[in-house]
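Working notes, structure below.
The values are calculated or read from the model by the stated rules, or taken from the named source; none is laboratory data. In this text, all values refer to a predicted model and were calculated from it rather than measured experimentally. Every residue, glycine as well, gets a Cβ built from its backbone with ideal geometry; the counts of neighbours run over all protein chains shown. For accessibility, only protein heavy atoms count, side chains too; no ligands or nucleic acids. Shrake-Rupley method; radii C 1.70, N 1.55, O 1.52, S 1.80 Å.
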Amino acid sequence: MSPSPGAVVRLEAVSKTYRSGKEALAVLKNVDLRVERGEMVAIMGSSGSGKSTLLNILGILDRYDSGAYYLDGRLIRNLGEREAARFRNRFVGFVFQAFNLLAFKTALENVALPLYYRGVGRRARTRDALEYLERVGLSGRAHHRPAELSGGERQRVAVARALVTQPELLLADEPTGALDTQTSYELMDLFEELNAAGLTVLIVTHEHDIAERAHRIVRLRDGRIEHGDPTTTDEGHPPPNGGFPPC
Amino acid sequence: MLGGELAATLGRNKLRTLLTACGVFWGVYMLVVMVGIGKGLQRGTDRNLGGLSRRAIFVWSQRTSKPHRGLQPGRYVRFQNDDITVLERIPGVIHVAPRLRLGGWSDAQNVTAGARSGLFSVRGDTPALLQVEPVEVTRGRFVNPRDLTERRKVAVIGADVRAILFEDADPIGRCLRIRGVNFQVIGEVVSYRPGNEAEHVRASIFVPFSTFQAVFDAPNRVGWFALGLAPGVPAEPVEQKIRAALVARHRIHPEDKDAIGSFNVAERFDRVESLFRGLEVFLWFVGTLTLLAGVLGVSNILLITVKERTREFGIRKAVGATSANIVSMVVREALLLTTLSGYVGLVAGVGTLEVLSMVVSRRDEAPLAQPEVEFGVAVTAMLVLVATGVMAGIIPAWHAARIDPVEALRNE
Ligand SMILES: Nc1ncnc2c1ncn2[C@@H]1O[C@H](COP(=O)(O)OP(=O)(O)OP(=O)(O)O)[C@@H](O)[C@H]1O
Ligand SMILES: [Mg+2]
């Protein structure tokens with residue numbers, strides 16, 4: 001079965017179990033998930049339901065035990081360390097709840113970092129990083145360190161860093177978790193804007209008002225996806241163009 | 001980018017960076033200074049021993065003290081030309097310089113050149129002398145084999161002789177007169193030796209050994225021998241063989257220790273040499289240990305740093321850094337830190353030796369002379385430094401590379 005061209009993410013019976021000593025904790029159990037290109041999906045679920053674990057697997061930060069994960073048609077399984085790093089760098093952008101910026105680097109340097117590991121030259125790096133800072137509305141703060149930025153600004157820097165490599169997929173794990181309501185909405189505006197421009201976005205969140213701005217909500221409970229009606233969820237909007245990218 | 005990245009990382013914890021740098025600085029500084037002082041001590045001793053830093057044995061004739069084969073004690077032993085070839089055949093002996101002196105042991109001869117004159121020591125010598133005595137030809141040449149075979153009346157003069165007889169003029173080709181015989185000056189010499197010994201050479205006139213025998217009425221006579229020994233050959237047994245050969249040839253009682261005098265410079269030289277070799281090894285050892293302690297300090301501090309930077313490495317991996325990227329980053333940091341501080345230590349060490357050298361150069365008899373590190377030593381120190389820099393980085397780097405991005409990012 002060949003993956004359909006539109007699916008950016010396809011999970012087939014993906015399972016992951018944490019083992020510590022004799023105890024085994026199944027965190028993901030046969031998870032099937034399909035995210036079309038251009039979709040904006042929210043992932044919800046109670047604490048400990050496996051949301052972060054799922055997102056880390058999608059972001060190639062973590063491994064899974066069984067099943068199959070196709071990212072843009074490529075099977076992501078048992079990647080070597082170098083290849084994992086390369087795929088991470090090329091295909092996904094990750095935004096964390098805790099921002100995870102390097103404190104001793106300026107906003108510009110933080111945004112440029114993924115390009116450094118891609119082997120992009122210094123000038124091109126700076127140029128691209130500036131462009132993406134501009135896109136998140138922070139070109140004026142390019143030479144400030146994270147400590148000199150507000151929470152919302154830090155998260156925008158993190159978004160710019162996630163986007164600078166022009167990934168297929170933007171993954172955000174509770175990106176508004178450390179932001180106030182107003183700032184959260186502004187960040188969601190940014191995500192919607194990026195999504196409208198064609199980027200596929202997956203957001204893990206606890207907040208209903210945040211989740212409702214997605215096309216679709218995926219609910220996790222005890223490591224399983226709760227199945228409702230796949231096209232018209234009660235809370236989400238239908239995906240534009242049926243989940244297929246605008247031609 | 002590389003430099004900037006590293007500089008930023010190191011600059012983040014200035015105190016720690018400074019402490020780390022101090023460890024390596026001190027190690028290299030001590031290594032350089034100790035090895036340099038060791039070298040200086042060796043040079044100082046060399047100089048104070050004068051030309052004794054050669055593997056030479058001197059043998060001269062005296063009077064017998066025991067009757068032997070019907071000969072009475074108190075007889076003067078006289079060395080002869082045939083002794084030369086006998087001594088040359090002794091294994092371990094590579095140079096035989098037969099020598100003669102006009103008059104008694106410290107008799108100066110009146111030598112004239114035109115209207116000028118002076119009292120100088122006159123000696124008969126062969127080219128072999130240059131191999132056993134630290135005599136340096138500063139003008140013209142020394143006695144050569146043709147001078148010997150043709151019994152030329154030529155003379156090599158000490159610098160003081162030239163100053164007295166010819167002032168500052170070039171003496172080559174000029175004539176001087178010794179005991180009514182004219183000699184043409186062919187060269188000028190000085191001595192490497194300090195003090196008295198050098199003055200001796202500078203106030204001496206060297207004529208070909210064969211010419212000396214012919215014109216100063218010393219046929220088939222050898223005053224004493226200066227012998228050069230092969231490197232690495234134990235000096236004591238060779239001395240015994242030399243004495244035994246001469247004892248046998250000159251009908252001396254085997255027990256008669258007084259008939260022949262000898263002075264074994266090589267033996268002393270070897271002893272001093274091995275002492276300094278031991279000292280050098282010791283100083284390298286101590287210096288390297290000091291350096292190693294510094295490196296361990298660096299490694300330890302980097303290890304702490306790496307643990308603290310777990311989250312940073314996690315972030316880097318999350319945006320696409322490979323383990324190799326992280327390893328090379330940590331090793332480069334270690335390398336930059338150790339080479340920079342080590343280089344400063346090297347420069348400071350050389351500077352210290354330089355100052356020491358200036359201080360001791362004013363004192364002639366100081367036990368230290370020209371303390372300095374040779375280029376090779378500096379290069380070795382530098383290589384040791386780079387190697388230790390890598391060593392210092394490798395364990396922390398290994399720890400850094402093992403960091404799992406998910407774990408690292410969970411880490412607060
Ligand atoms: N490295 C690990 N070792 C053992 N158990 C782990 C590990 N990482 C996560 N878990 C467990 O897996 C489960 C799912 O964790 P996960 O972080 O995915 O939950 P989550 O849905 O993101 O929760 P939250 O909303 O609190 O962030 C939890 O029970 C957690 O304790
Ligand atoms: Mg989570």
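Using alpha carbon centroids, what distance separates segment A:1-59 and segment B:96-135, in Å? Centre-to-centre distance over Cα atoms comes out at 103 Å. Annotated for the protein assembly as shown: lysine pairs at least 8 residues apart or interchain, Cα distance under 27 Å, count 16. Summary of the geometry: segment A:180-209 and segment B:228-292, compared by the centres of their Cα atoms, lie 90 Å apart.
The share of Cα pairs per 10 Å bin across the protein assembly as shown, counted from zero up to the longest distance, runs 3, 12, 15, 13, 9, 7, 7, 7, 7, 8, 6, 4, 1, 0 percent. Positive end of the dipole of the protein assembly as shown (Cβ unit charges, origin at the Cα centre): among A:Ile217, B:Val390, A:Asn30, the Cα lying farthest that way belongs to B:Val390.
Helices meeting the span-like rule in chain B (full DSSP H runs, Cα extent of at least 20 Å along the helix axis, mean Kyte-Doolittle score of 1.6 or higher): B:375-401.
The distance separating the Cα centre of segment A:72-124 from that of segment A:147-167 comes to 13 Å. Between A:Thr181 and B:Lys66, the distance separating the two model label sites (each 7 Å from Cα on the Cα→Cβ line) works out to 12.3 nm. Counted over chain B with a bin width of 10 Å, the fraction of Cα pairs per bin, in whole percents, is 5, 17, 18, 16, 12, 10, 9, 7, 4, 2, 0.
If R0 is taken as 35 Å, the Cβ-Cβ distance between B:Glu255 and B:Ala108 corresponds to a FRET efficiency of 0.40.
Rounded, prolate or oblate: which fits segment B:144-227 when a ≥ b ≥ c are the square roots of the eigenvalues of the alpha-carbon gyration tensor, with rounded for a/c under 1.5 and prolate only if a/b beats b/c? Walk me through the numbers before you get to the answer.
On the way: a/c = 1.94, a/b = 1.24, b/c = 1.56.
Oblate shape, in that a/c is at least 1.5 and b/c is the bigger or equal ratio.
When the charge dipole of segment A:7-225 is built from unit charges on Cβ atoms (+1 for Lys and Arg, -1 for Asp and Glu) and taken about the Cα centre, the candidate among A:Met40, A:Thr176, A:Leu71 whose Cα reaches farthest toward its positive end is A:Leu71.
When peptides B:380-392, A:140-152 are ranked by their average number of other Cβ atoms within 10 Å per residue, the highest-first order is B:380-392, A:140-152.
Under the convention that each Lys and Arg Cβ holds +1 and each Asp and Glu Cβ holds -1, the size of the dipole of segment A:7-225 around its Cα centre is about 920 debye. With a simple spin-label model that places each label point 7 Å from the Cα along the Cα-to-Cβ direction, the separation between B:Ala214 and A:Asp65 comes to 10.9 nm. Of the residues B:Ile178, B:Val156, B:Val190, the one whose Cα sits farthest toward the positive end of the charge dipole of segment B:144-193, with +1 on the Cβ of Lys and Arg and -1 on the Cβ of Asp and Glu, is B:Ile178. Once Rh is set to the Kirkwood radius over Cα pairs, what Stokes-Einstein translational diffusion coefficient, in µm²/s, holds for chain A at a temperature of 4 °C and a viscosity of 1.567 mPa s? It comes out at roughly 70 µm²/s. Ligands, DNA and RNA are left out, and with a 1.4 angstrom probe the accessible area of chain B is 47 Å² per residue.
Interface of A with B. Using a 1.4 Å probe and counting protein heavy atoms only, the two chains hide about 2100 Å² of accessible surface, both sides summed. Peptide B:399-405 is shielded by partner chain Cβ atoms: per residue, an average of 2 of them sit within 10 Å of its Cβ.
Can you compute the charge dipole magnitude of chain B about its Cα centre, using +1 on each Lys and Arg Cβ and -1 on each Asp and Glu Cβ, nothing else charged? Give it in debye, rounded to the nearest 20.
Working: 49 positive and 39 negative charges, 146 e Å.
In debye, rounded to 20, chain B gives about 700.
Computed over segment B:63-258, the range of Cα coordinates on each principal axis works out to 55, 39, 34 Å, biggest value leading. Please compute the contact order of chain A in relative form: average sequence separation of alpha-carbon pairs under 8 Å and at least six residues apart, divided by the residue count, as a percent. Computed value for chain A: 28 percent relative contact order. When +1 charges are put on Lys and Arg Cβ atoms and -1 charges on Asp and Glu Cβ atoms, the dipole computed for segment B:103-228 relative to its Cα centre reaches about 400 debye.
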